[in-house]
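Notes for the one structure printed next.
Just so you know, all these numbers are worked out from the coordinates, no wet-lab data involved. Since this is a predicted model, take the numbers as computed values, not measurements. Glycine also receives a Cβ, built like all others from the backbone with ideal geometry; neighbour counts cover every protein chain displayed.
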Amino acid sequence: MIRHLNTVWLALGITILIMLALNPQLLDRQVIAGYLETLGPMALSVYILMSLTRAALLIPATPFVLAGGIVFPEIPGVVLLVSYTGIVVGAYLVYSFPSFGSYDELLEEKFPDKIALLKRKMQSRHVYWFIMGWSAFPLVPTDAVCYVAGIARISAVKTAAAVLIGEIPIVIFYVFVGAELGEWLRA
């Protein structure tokens, strides 16, 4: 059963990645916001669902956080809560992913040097600070450090706490920039 689930997940992931490669504008925050605005009263529910499932398809959180701020500028606290919940769910999925379907072995074979370097960083006594710093830096995917933390068997609680603390400034910034942009677009 798990083997078939892996195949379905992989096929779905590849299909979505191809679709996004052919249509990169689908991840544009304005496109996401425009779609959510067409949903009317269901928009918040769909936004929550999208935020919680995006990591399973390896889609970055940034466009969703910005789109949430744009579409729901009157409730930035809710967007912040949904964004953090989505980030934690995503971090846990990616953290748990390496052992599921033996992908850890596959990726270690494919990228031995990069995985080894990140594993060494994870074995230091500063792992908490490393994960937090990685999470705070906007140009690198947080999911990558969560994945390696899973491979290195770092505590799930320690990983989640470091990700949440590291993401605080960037998520707050994105939510409030999105809210300001949303207000400006409506004016």
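Annotations for the structure displayed:
- If the chain linking Trp129 and Glu74 were pulled fully straight, counting 0.36 nm for each residue of separation and taking away their Cα-Cα distance, it would gain 16.4 nm.
- Pairwise FRET efficiency - Met42 versus Lys114, Cβ, R0 = 30 Å, nearest 0.05: 0.15
- Between Ala156 and Asn23, full extension at 0.36 nm per residue minus the direct alpha carbon distance yields a gain of 44.4 nm.
- Extension reserve of the Ile172-Leu57 stretch, reckoned as 0.36 nm per residue once the Cα distance is removed: 39.0 nm
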